[in-house]
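Each value in this text was obtained by applying a stated rule to the coordinates, not by laboratory testing. These numbers were taken from a predicted model, which means no experiment stands behind them. Methodologically, a virtual Cβ is constructed for each residue, glycine included, from the backbone with ideal geometry; neighbour enumeration extends over all protein chains shown.
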Amino acid sequence: MGEFAAYTVLGLSLGGVFALAALGIVLIYRVTGVLNFAHGAMGMFSTFVAWGAVYRWHQPVWLAVLLALGFAAALGLFLQFAVFRPLAGRPAVVKAVVTIGILLVLQSLASLFWGNTQYHEPIRVVGGRSMLIARVPVGPDQVLIVAAALVLASGIAAFLTYTRFGIAMRAVSDDPVAAGLWGVPVWLVGAVSWALGSVLAAIAGILITPFINLDTVSLTLLILDALAAALIGGLASLPLTVAGGFLLGLAESYPSIWFKNSLGFPKLVAIAVILAVLLVRAPKGLLQAGRAST
Amino acid sequence: MSRPVTRPLRNLALAAAAFLVLGWAPNLFHLPLDLQFDAALAVIYAFAILSLVLLTGYVGQVSLCQATFLGIGAYTAAWLFNVFHAPYLLAMAGAVALSFLLGIVVGIPALRLRGIMLAVVTLGVALVFDRYFFADHAFDWFTGGSAGWRVDGTVIARIPMDWIGHALNVYRFGLLLLLIVAVLVVNVHDSGSGRRFRAIRDSELAAATMGVDLTRYKLLAFGLAAAIAGLGGSLFPLAAGQVSPQPFNVFYSLQFAAFAVLMGVRYVPAAAIGGFFGAFVPTLLGRWHPWHLEIRYDWFQVALGALLVAQLIAAPDGVWGDLRQRVAHLLRRRAKPKVAIA
């Protein structure tokens, strides 16, 4: 029973990371219509900016994280203005292929700068010993992940519901042309969603570092898990996306109870979830612009 | 439109000429061993890209797992050769057959999905094979364990074909097969199946309304594309002498998609250009030491990604498509009857 609880804690912290990454994917997809295959790579690159600041330039962690988040936001803005603005009006598949190009660029730049196979120390945002909650050891970093996922998701939901800019984002996501006619700055809204999505990916990447073997490849490939979580939310609903992230985290973590000698089959679980979601739900609704249920 | 009889003949003649020229070209240089291997690799990559020309260019189905099929072809051929001591040609046939079947299985989700969602699923397929098949001990019987399979001393039609000094034979053999398949793919474009393929690409709904059996033709396209990639993969053990999971990982699948789109995914010649580009450029960059700087392989991938982004913005039809259009434009201008302009 204790084992089960321990894997639940692990699954929830993984799930928080998936949820954060998936939120960014959903946000970018809803507002700009780009399914971002480079989302994992963007988070990875920003994470390594933080890693470099801590371990190469010997800066305090808070400054490194701040630097990484600033970089992530700049990266998002850059992509919107330099890459996706010229691609306006092109089919969604073309934009998705462009993100594959971005993935390749970020992936190889990161391995040039920071090496792709060597050991990288994790970035510890919070220190301290793990505490016992109901006789299960829970690390403060695990609490932080779950809290960050829940707080950021509610924050974004509140932003989209109550602020003028958030309402503008929802308007663009519903109908960019009509929103433009009403005077909504469609490109700025797109740029903000890219920046926000990129920052979310960076937070996810930085927070997961204590739990994985930190290298450029594994963070880039988190895209599959994040996509699975995003698809559970139908690439539209924020609450369902967060729930999907946590569910996927648990589903990826529990098999390790039975398969002691391996780390389970996380990617297999992710692709099974993707297939189940895509083949059971009407895929039409996922591809066509429906109502935003944020 | 030219007359239907002349086109297949013209294509055959072009392919024969290409075989003579490209097959003879290595004799001009004293290619060192690594570039001889790259020549064979170029042909293998070209198969993978050609499979995308059929699947994405003709039928409009996105696939991000063609390196996986390349790997299935390579492992199956090496497995049949090592475990059953099959003659290598037979092992290759087995590799093609297995790839075809697996392609149909991977194509099943495509019956309900298209576009980006299909890309997501095929990316997942590539990752799963990468992690849990090629590299997992449970499948050691098929993959030869962490040491992989060794393939050497192979002879096809009494011509020695292996990595020890005969890589150029592998190149020429592969080139012959590649050109045959390329002619077939070009001919498919104008055949009845090709019209159905293109109808599916342009609009599945319209195609189904016109009586195209979507299930059959989509699965056929996935199977054929996988078989083409598998055929290319079955050449890999000949050229490399051994099989390991690394050359078939998910990043190569992404690269193949990038090569295909960059060079022009609707055009068969783009496969050859993409293959040569993908195999030779990294090695040549590695040998070129501008100001004593070493250019690592990663720079090639950076350039590839950047070129892909730039191409999709500036020349959406790919390098070959753009070139074709420019040449046609020039010719048309040249052919225009001269009108005196005062």
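So for chain B, averaging the separation of alpha carbon pairs under 8 Å that are six or more residues apart and normalising by length, what relative contact order in percent results?
32
Check every DSSP H run in chain A and write down those whose alpha carbon atoms cover 27 angstrom or more along the long axis and whose mean Kyte-Doolittle hydropathy is -0.5 or greater.
Flagged H segments are A:2-32, A:92-114, A:140-162, A:186-208.
Using the 10 angstrom Cβ neighbour count as an exposure proxy, how do B:F248, A:F159 rank, fewest first?
By the 10 Å Cβ count, ascending: A:F159, B:F248.
Other chains' Cβ within 10 Å of A:178-187 residues: what's the mean?
0
Can you bin segment B:120-162 into rounded, prolate or oblate? Criterion: square roots of the alpha carbon gyration tensor eigenvalues sorted a ≥ b ≥ c, rounded for a/c under 1.5, prolate for a/b above b/c, oblate for the rest.
Verdict is oblate for segment B:120-162.
Give me a single rounded figure for B:118-126: the average over its residues of other chain Cβ atoms within 10 Å of their Cβ.
The mean count of partner-chain Cβ atoms within 10 Å per residue comes to 6.
May I ask which residue of B:V188, B:A167, B:L177 lies farthest towards the positive end of the charge dipole of segment B:135-266, with charges of +1 (Lys, Arg) and -1 (Asp, Glu) on Cβ and the Cα centre as origin?
B:V188
Just counting partner chain Cβ atoms within 10 Å, what average do the residues of peptide A:221-230 show around their Cβ?
3
Pop the C-beta distance of A:W182 and B:E294 into the FRET formula with R0 = 51 Å and round what comes out to the nearest 0.05.
0.40
Relative contact order (percent) for chain A, with alpha-carbon contacts under 8 angstrom and 6 or more residues of separation?
38
Under 10 Å, Cα contacts only: if you run a Gaussian network model on chain A, which one of A:R124, A:R85, A:R30 comes out with the highest mean-square fluctuation?
The residue that fluctuates most here is A:R85.
Starting from segment B:246-332, pick out the trypsin sites (Lys or Arg not before Pro) whose DSSP state is loop and whose Cβ has at most 16 other Cβ atoms within 10 Å.
The qualifying sites are B:R296.
Do the sum for chain B: with -39,500 (n - 2.57) for every DSSP H run of n ≥ 4, divided by all residues, what is the mean residue ellipticity at 222 nm, to the nearest 500 deg cm²/dmol?
-23000 deg cm²/dmol
Using a/c under 1.5 as the rounded threshold, could you call segment B:6-249 rounded, prolate or oblate? The axes a ≥ b ≥ c are square roots of the C-alpha gyration tensor eigenvalues, and prolate needs a/b larger than b/c, oblate otherwise.
Cα axes put segment B:6-249 in the oblate bin.
If each of A:R90 and B:A206 carries a label point 7 Å out from its Cα toward its Cβ, how far apart are those two points in nm?
2.2
For segment A:124-283, what does the relative contact order come out to in percent, with C-alpha contacts under 8 Å and a separation of six or more?
That works out to 15 percent.
Please give the residues of segment B:18-35, grouped as numeric ranges, whose backbone N is less than 18 Å from a label point set 7 Å along the Cα-to-Cβ vector of B:D152.
From segment B:18-35, the list is B:33-35.
Just flag the chymotrypsin sites (Phe, Trp or Tyr not before Pro) in segment A:1-106 sitting in loop per DSSP whose Cβ has no more than 16 other Cβ atoms within 10 Å.
Filter output for segment A:1-106: A:W57.
When chain A is modelled as a GNM with alpha-carbon springs shorter than 10 Å, which of A:L23, A:L222, A:L87 fluctuates the most?
Among A:L23, A:L222, A:L87, the largest mean-square fluctuation in the Gaussian network model of chain A belongs to A:L87.
For chain B, set up a Gaussian network in which alpha carbons nearer than 10 Å are linked by springs, and say which option among B:V183, B:V120, B:V250 fluctuates the most.
Among B:V183, B:V120, B:V250, the largest GNM mean-square fluctuation belongs to B:V120.
So which trypsin sites (Lys or Arg not before Pro) in segment B:150-232 are both in a DSSP loop and have at most 11 other Cβ atoms within 10 Å of their Cβ?
B:R158
Report the charge-dipole magnitude of the protein assembly as shown in Debye, nearest 20, computed about the Cα centre from +1 at each Lys and Arg Cβ and -1 at each Asp and Glu Cβ.
2080
Tell me whether the protein assembly as shown comes out rounded, prolate or oblate; compute the Cα gyration tensor, take square roots of the eigenvalues as a ≥ b ≥ c, and use a/c under 1.5 as the rounded threshold.
Since a/c reaches 1.5 and a/b is larger than b/c, the shape of the protein assembly as shown is classed as prolate.
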